[in-house]
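Here's the structure we're looking at; comments come further down.
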Amino acid sequence: MEREPLADAAVIRRVPLIAGDKSAADVTRDVVGALDAKASPLWWGGLGLSVAALILGAVAITYQIMTGVGTWGLNRTVGWAFDITNFVFWIGIGHAGTLISAILFLLRQQWRTSVNRAAEAMTLFAVMCAGLFPLIHMGRPWLFFWMLPYPNDRGSLWVNFRSPLVWDFFAISTYFIISAIFWYVGLIPDLATIRDREPGTRRSKIFGFLSLGWTGSFRVWHRYEVVYLLLAALGTPLVLSVHTIVSTDFATAVVPGWHTTIFPPYFVAGAIFSGMAMVLTLMLVARTTMRLEDYITPRHIDAMCSLVILTSGMVGLAYATEFFTAYYSASPYEQFAFYNRARGPLAWGYWIMVACNVLIPQLLWFTGVRRNLVVVFVIAILVNIGMWFERFIIIVASLQREYLPSAWSDYTPTSIEVATLVGTFGLFFTMFLLFCRFIPVIAIAEVKGVLQPAPGSRQVDDGHRGHRPGIAPETGS
Amino acid sequence: MTGPVLVSVFDQEQDILQATAAARQAGIEIVDVFTPYAVHGMDRAMGLGSSRLPWVCFLLGLFGAVAAAWFQYWASAVDWPINVGGKPWQSWPAFIPVIFELTVLFGGVGTVLVFIAWAGLRPGRSSPMAGFRVTDDRFALVVRPLAAGPDRSSVETLLGRFHPLSIEERDLALDVKGARG
């Protein structure tokens, strides 16, 4: 009766989260108005570039599927390289979206309301990009459903449930489905807002169809909050499980440098680290191009920078722990794997990784740096680069110098592999730019819930309304 | 539910909260309240009960877990046992990731589907409240007048204390959800 699943989330109000003394109507107008405005030349330029990259990727993927995975630079020693690097990279990027939508929701971090919609969309698009790589790596992607344990005419040969690759399939599929549902459920009230804005128009009809007849009934809102809380509670362990399972793809193998128990937390921290960097990148761009400076304020950027410092520290600790464990293990193979990372043929990549992931983010300790959005943008890009190299180094540097020196080999990506990576960036940014144009990038209903009453508005002026609303109305008959 | 209802429109969160609480204390039947966002404290003002959806979620998640555990055991140890690296047929520790994922999948998807079905949400359904700007910046309290005449005017007087923008009688086809669900 008295339980309030979500209510306390709205209690703490200090510095306004949203600048510019917005009213609820202002929020609707600003966010939906951004969809009405003519697309800027910057947007068209970005879309053109993204679609060009997407077409390049589509051509490369068509070619490699018609020819075979032999178009990649893999060899018998380095059997995983560019594709798995990109897979882990994209999945990791997706994790920040779930962090913001689920974990920060449970932690009652209200600043998330300005960025959660875009971050969740980012998750969806990143998981799509990630999924492409294992799909192509199967060699016969049209038989992807063989990963599903379905009754088949091969005697009903079931999948091997002891294999981390099968866990991966279940984890990524679940992650995509739950993220998509979470995103759509969060979107329903905003779709209704657009529907009711200009009745009779084509857009109103489309959004009316998509908004499922949302009325704004509080009886429904009340349950909606429960559903949202449940999804957040399920999404939190889910996001941790997804990268844990991705890390077991490596940790259950006997390759030196992979076979360690630190991998799950190390991978999860790295995923959130890279994802926060990508959220920062996208938000800084969206803020400027979509004129959302009042919604994505320096305070939001500051909070995200703090998360980058935190996760950078965790990643740095993991790098140091790996070296210590290798030293302490007394296993010459393990020791060599790490010597090879720092001093071997890919040492340049290793040091790019350390510089971008551990050293450069330390600049964010300085308030002046966090307030300078150009510098934050550059740091975020560098972290993205560093985290890509982390996966590349873990995978390739470990495989190319395994147990048998006679089997040592080197790896260079082919143009096809590079084109595929470029193609996924094209896919990601094409989807993101289209999302920015057609769907409200700010969670309108959630932002309205964290608005401060404007100073000078009636409830502040009126002497008899100073108390907290909704608790004890003095007018009760 | 159809029939005449009294719709009072407010433009401040505090007003609708106090008006709703006052109407409830006065024993007026609150048909529903329409708000652009989930107003903090409105559930108390309306006297809404707690939801049973957490139980739905728990049971669906439990079903997912049991189904995944049983199926993996049956497929790996009963229907066609295959020796993979000498591991036992019933490799329970290795089955945990898929059990966990299916728990989340069934719990999450199922809860949302149950919610959508309960709320009567479906593509193309229209909103009877579309004209009141309740998805933009207005808050609407919908009560059922006790009868005609003086009762109605006393309701109007009561609600009039909370700065309503308008109070009008309407015939609305409202789909009212029960206090529990």
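Every residue, every condition in (1) of a type in the set (S, T, Y); (2) exposed (fewer than 15 other Cβ atoms within 10 Å of the Cβ), yes or no:
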site	(1), (2)
A:Y319	yes, no
A:A330	no, yes
A:P345	no, yes
A:W351	no, no
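Of everything listed in (1) at negative phi; (2) outside any helix (DSSP H, G or I); (3) within 11 Å of chain B (Cβ to nearest Cβ), the single unmet condition for A:G213 is (1).
Under the condition of being facing chain A (nearest Cβ under 7 Å), in contact (Cβ under 8 Å) with a residue 60 or more places away in the chain and within 24 Å of A:V31 (Cβ to Cβ), the residues counted in the range B:98-132 number 1.
Matching residues to (1) under 25 Å from A:P361 (Cα atoms); (2) touching a Phe, Trp or Tyr at 6+ places or on another chain (Cβ under 6 Å):
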| position | (1), (2) |
| --- | --- |
| A:T236 | no, no |
| A:V255 | no, no |
| A:I272 | yes, no |
| A:L284 | yes, yes |
| A:I301 | yes, no |
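Residue check: is A:P199 touching a Gly at 6+ places or on another chain (Cβ under 9 Å), surrounded by fewer than 20 Cβ atoms within 10 Å (Cβ to Cβ) and free of Cβ contacts under 8 Å to residues at least 24 places away in the same chain? When the stated conditions are applied, A:P199 passes them.
Can you confirm whether B:F95 is touching a residue at least 24 places away in the same chain (Cβ under 8 Å), surrounded by 19 or more Cβ atoms within 10 Å (Cβ to Cβ) and more than 7 Å from every other protein chain (Cβ to nearest Cβ)?
no
Every listed requirement among (1) buried (at least 20 other Cβ atoms within 10 Å of the Cβ); (2) more than 10 Å from chain B (Cβ to nearest Cβ); (3) under 24 Å from A:P134 (Cβ atoms) is met by A:L187 save one, (3). Would you check if A:V246 is of a type outside the set (G, A, S), in a helix (DSSP H, G or I), at the interface with chain B (Cβ under 8 Å from one of its Cβ atoms) and surrounded by 19 or more Cβ atoms within 10 Å (Cβ to Cβ)? Here the answer is no, as A:V246 does not meet what is asked.
Going by the conditions given, is B:G41 crowded, with 16+ Cβ neighbours inside 10 Å, at the interface with another protein chain (Cβ under 9 Å from one of its Cβ atoms) and touching a Ser or Thr at 6+ places or on another chain (Cβ under 6 Å)? Judged against the criteria, B:G41 is not a match. Give me the pairs: first residue in the range A:41-67 and exposed (fewer than 15 other Cβ atoms within 10 Å of the Cβ), second residue of a type in the set (A, V, I, L, M), beta-carbon distance under 8 Å, and six or more apart or on different chains, which are they? Qualifying pairs under 8 Å: A:V59/A:A419; A:Y63/A:I416.
Restricting attention to the range B:1-44, the residues that are in contact with a strand residue (DSSP E or B) (Cβ under 8 Å, 6 or more places away or on another chain) and touching a residue at least 24 places away in the same chain (Cβ under 8 Å) total 29.
The requirement of being modelled with pLDDT of 85 or more and surrounded by fewer than 18 Cβ atoms within 10 Å (Cβ to Cβ) is fulfilled somewhere in the range B:123-137, by at least one residue. Can you spot a residue in the range B:75-88 that is part of a helix (DSSP H, G or I) and among the aromatic types (F, W, Y)? So far as the range B:75-88 goes, no, none of its residues is part of a helix (DSSP H, G or I) and among the aromatic types (F, W, Y). Looking at this structure, is A:L317 part of a helix (DSSP H, G or I) and within 20 Å of A:M278 (Cβ to Cβ)? When the stated conditions are applied, A:L317 does not pass them. In the set A:S241, A:S204, which member is assigned to a helix (DSSP H, G or I), out of contact with any Pro (no Cβ under 9 Å at 6 or more places or on another chain) and surrounded by fewer than 24 Cβ atoms within 10 Å (Cβ to Cβ)? That would be A:S204, the only listed residue that is assigned to a helix (DSSP H, G or I), out of contact with any Pro (no Cβ under 9 Å at 6 or more places or on another chain) and surrounded by fewer than 24 Cβ atoms within 10 Å (Cβ to Cβ). If the condition is being in a loop (DSSP other than H, G, I, E, B), at the interface with chain A (Cβ under 7 Å from one of its Cβ atoms) and closer than 24 Å to B:V134 by Cα, then the range B:21-38 contributes B:T35, B:P36, B:Y37, B:A38.
The values are calculated or read from the model by the stated rules, or taken from the named source; none is laboratory data. These figures come from a predicted structure and were not determined experimentally. In this analysis, Cβ positions are derived from the backbone assuming ideal geometry, glycine residues included, and neighbour counts consider all displayed protein chains.
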